[in-house]
Amino acid sequence: MKTLLKNCKIVNHDKITESGILIENETISGLTCDAEADKVIDCAGAYVLPGLIDMHVHMREPGQEYKEDIESASKAASAGGVTSACCMANTSPVIDNAAIMNHITARAREIGLIDIFPYGAVTKGMKGEELTEMGDMTKAGAAGFSDDGKTIMNAEVMRRALEYARQFGAFIASHAIDTNLQGAGSMNEGSVSAVTGLKGIPSESETTVIIRDILLARLTKSRVHICHVSAKESVELIRWGKNEGINVTAEAAPHHFTLTDECCEGYDTNYKMSPPLRTEKDVEAIIEGIKDGTLDCIATDHAPHQADEKFVEFDYAPVGIIGLQTFIPLTLRLIKSGKLSWTDFARAASYNPAKILGKSRLGCIAPGMQADITVIDPECEYVFDGKINMSKSSNSPFMGAVLKGRSVYTLKKGKIVFSL
Amino acid sequence: MSYEHKDFISSKCLTREEIGYILDQAKAFREINRREIKKVPTLRGRTIVNLFYEASTRTRTSFEIAGKRLGADVINISASSSSAVKGETLMDTVKNIEAMAADVVVIRHNCSGAVKFIADNVKAGIVNAGDGLNEHPTQSMLDLLTIEMAKGSLEGLTVTIIGDIAHSRVARSDIWAMKTCGMRVKVFGPPTMIPVAVDAFGVEVCRNMEEAVSDADVIIMLRIQRERMSKLLIPSEREYSAVFGLTPAVMEKAANNPIVMHPGPINRGVELSSVVADSGDSRILDQVENGVAVRMAVLTFIAVAKN
Amino acid sequence: MEKEKTLIGGEEMRTILERLTFQIIEKCPDPKNTCIVGIRRRGVFIAKRIEECLKKHNKREFETGTIDITLYRDDLSEISNMPEVHSSSIDFDVNGKTLILVDDVLFTGRTIRAALDALLDYGRPSKIMLAVMVDRGHRELPIHADFTGKYIPTSLEEVIHVKVREVDDTEDCVTISRRS
């Protein structure tokens, strides 16, 4: 089976080239327009990126399948241009052993829309006490290890986890929020929290843990990956860590570079996130961090919740929004405003995640690479409604909004898994 | 002049005209409370439900008396928010009350924004009797009425609010309404009790009691709650009283003959000494009296506006 | 609204109110036990004219009060904006007194019904009598005036206005106009 993508503006992390892409079975066999193929797709006007890799997705299976499951998350991902995703371990039961991990990778293969690289938990039951069998889980295909959703508050536990993970070349993804400083807070601490009477969460709840983890990575000569960076000072600390040669990588979520805490003024629980939405200066710093590579990747922190669960008092609402299908349109806003380039997008959404995850055949459009490809029409305008949304949940402030730009073809291992 | 909203949720969104109207109406209702027969038939046949998710005697009683004096049927429901999280949702509870044809639901809830959340989603008129740390708008109206009656007018007065500003819905509602009425507001309290982004309120932060009271026309003392100590806000009531309490000695430093107010209940000897609380400067009982009048006014226009 | 026509001018109005006052003196010889209560808003000023007349001719003080009937209206469930409430001011004990209730225009009788309810909330007067400047007919309740300045037969489309100088920026007068 041969597929030819014609008239492509191919966006890689380092440059944009105009060419065709010839795919033979699962692999990109050449960059050419002149080839015989069983199927030809004209990509004129579109930008063709290596398949997006989302390092932070909550798929809710097992345990909370009413919110999302591997199948619905896979559909939402492929419709959103995401061809590989890391699912977080805070399921029920927690992904803290190879048996549960095998279940997830098996389900993902069965569905076949995207690759799923599961995170294993750092500690058993994510209790923050005893280390999990990281070796066993690495063999079962663990992407890395994370207690995301919970902070490893005990620095000694974090130190030992980093040390032990080094044996398997694995990294620890840190959900960096000091739970004591967070307290009962439900939004960013600042003028909006003062005015709304909502309890605030200071940026320092994030920065103090980030610097701790960067220093522990130095101490242990291990790799730490900082999840969902939300504050300006966090970007600065990570920049410092990288300059020091410490093995630290980081990600930012589209909502953190799109929205600010002012959105919380009306107590709309769709704006309740963890970490919380911060301020304009934080948004600017995150964009700058993505631009200069301090923040290696964009990851959605896709966090589905049922409408009933969000239709409650702000304090009682669960945190997070769905993000797989708003990944492209929200990032394109930065490209349209000139703050990011297309190559920045390819680097942060595919190339760097592939590198962090050690997937040498992903993250780049070149001969010999796996044919994971996302074809983006940046001008396509649509209302993000229940028909387009593939997730089981619809907790997003962008629900019902007019969005611009989306994947028109998503190819996984040479197969079209989504087309408009 | 009138108040043309379905609900009464917030002082922040009131205009100066609306505040003036509410105070004028409350003055008219004061007269009823001084009659031998303290009842008018205005809301006869209407049902008012007091739905309280937090313990409260004073505010609930005040609303209950106000409703009954207007001839309405008043039903009190005490709910526990913690059990509500696991059982029936707040929205379901209010929808059920609404289905029983309640005209006005007065809500106190421990979460900021919860009352607005309800108001935006039901047809019944909703009155905010305190939501989390956010607002307690009828308290601010009764405070303004008390000040206006004591001082003759509001514009240009200096008010000092002393105590836990960060965790006080009374402070928030007072500040919004006072700023709208052209008043100067100063605040004082332990730094642990001053909001981090206090600038957002447009108030001055004082450094000590003397600075706080020296040029004040009105001093509002806030109640210190015992549970604050476990939250690391103050070490002891004793020390709080010594540094932040209002005593006759502090009152001597006040040059403008200020009136003293307190939303109650008072912790005598902690934030307020008994001598000051019972002195001629105190308007604390006027506040209670005006509270009923303000709530009668608010209930009347919310119940009638429902048409 | 069509052009207003003046039916009673200032001079005539004064005469009418004077005659009305004499009738009151005749019926209530004991001023110590008689009080005058004007209904807000213009009834208060008619009551004031009567009181001045009484003082002039009787050389005696009458206790007077005002009453606001807003909270006693029977149409609150039908209107959507709460009308402004004003203070009533009855600073005397009404028990055992004869009260002369004063209003500007007697029309459906509903205002008087509300005023009676309001007055009775102050106590138990021995007698309540009603004095009005104009009776224009169209009663909807079994209420009549004891003292009437002027009967003016009207149609429902017509509007009767009793104007007083304190409020209306004109000399005291009674006008008629037609609802458009």
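The values are calculated or read from the model by the stated rules, or taken from the named source; none is laboratory data. These figures come from a predicted structure and were not determined experimentally. Neighbour counts run over all protein chains shown; Cβ positions are idealised from the backbone, glycine included.
Worth a mention:
- Among helices (runs of 4 or more DSSP H) entirely within region A:322-420, having at least 1 residues that are surrounded by fewer than 16 Cβ atoms within 10 Å (Cβ to Cβ) and over 20 Å from the mean Cα position of the chain (by Cα) singles out A:327-336.
- Residues of region A:240-264 satisfying the condition of being under 29 Å from A:F314 (Cα atoms) and either in a helix (DSSP H, G or I) or basic (K, R) (or both): A:P254, A:H255, A:H256, A:F257, A:D261, A:E262, A:C263, A:C264
- Flag for A:K232 being within 30 Å of B:K12 (Cβ to Cβ) and charged (D, E, K, R): yes
- Taking each residue of region B:26-55 that is within 14 Å of chain C (Cβ to nearest Cβ) and small (G, A, S) and looking for partners that are buried (at least 23 other Cβ atoms within 10 Å of the Cβ) and in a helix (DSSP H, G or I) with beta-carbon atoms closer than 6 Å, six or more apart or interchain, yields B:A26/B:L145; B:A26/B:A293; B:A26/B:V294; B:A26/B:A297.
- Some residue of region A:72-82 being surrounded by fewer than 24 Cβ atoms within 10 Å (Cβ to Cβ), in the same structural domain as A:A173 (by TED's automatic domain parsing) and not in a helix (DSSP H, G or I): no
- When the helices (runs of 4 or more DSSP H) confined to region B:1-90 are screened for residues that are of a type in the set (K, R) and surrounded by 15 or more Cβ atoms within 10 Å (Cβ to Cβ), those reaching at least 3 such residues are found at B:58-69.
- Residue count, region B:190-212 (criterion: within 14 Å of another protein chain (Cβ to nearest Cβ) and not acidic (D, E)): 12
- None of B:T42, B:T89 is modelled with pLDDT under 90 and more than 23 Å from B:H136 (Cβ to Cβ) except B:T89.
- Qualifying residue in region A:220-227 (condition: farther than 23 Å from A:D147 by Cβ, assigned to a loop (DSSP other than H, G, I, E, B), away from chain B (no Cβ under 14 Å) and free of Cβ contacts under 8 Å to residues at least 60 places away in the same chain): no
- Consider region B:198-213 and keep the residues that are assigned to a loop (DSSP other than H, G, I, E, B) and more than 22 Å from the chain's Cα centre (by Cα). The one that is surrounded by the fewest Cβ atoms within 10 Å (Cβ to Cβ) is B:R207.
One line per residue, one yes/no per condition, for (1) among the hydrophobic types (A, V, I, L, M, F, W, C); (2) farther than 30 Å from B:R44 by Cα; (3) in a helix (DSSP H, G or I); (4) within 14 Å of another protein chain (Cβ to nearest Cβ):
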| residue | (1), (2), (3), (4) |
| --- | --- |
| B:D215 | no, yes, no, no |
| B:I219 | yes, yes, no, no |
| B:L233 | yes, yes, no, yes |
| B:V243 | yes, yes, yes, no |
| B:K253 | no, yes, no, no |
| B:V260 | yes, yes, no, no |
| B:D286 | no, no, yes, no |
| B:A297 | yes, no, yes, yes |
| B:A303 | yes, no, yes, yes |
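- Which numbered condition A:L198 misses (of (1) in a loop (DSSP other than H, G, I, E, B); (2) more than 11 Å from chain B (Cβ to nearest Cβ)): (2)
- C:T108, sole failed condition from (1) within 30 Å of B:I302 (Cα to Cα); (2) within 14 Å of chain B (Cβ to nearest Cβ); (3) in contact (Cβ under 8 Å) with a residue 24 or more places away in the chain: (2)
- Residues that are at pLDDT below 90, surrounded by fewer than 18 Cβ atoms within 10 Å (Cβ to Cβ) and of a type in the set (G, A, S) are absent from region C:92-102 altogether.
- On inspection, C:A145 does not qualify as touching a helix residue (DSSP H, G or I) at 6+ places or on another chain (Cβ under 9 Å) and more than 18 Å from C:C28 (Cβ to Cβ).
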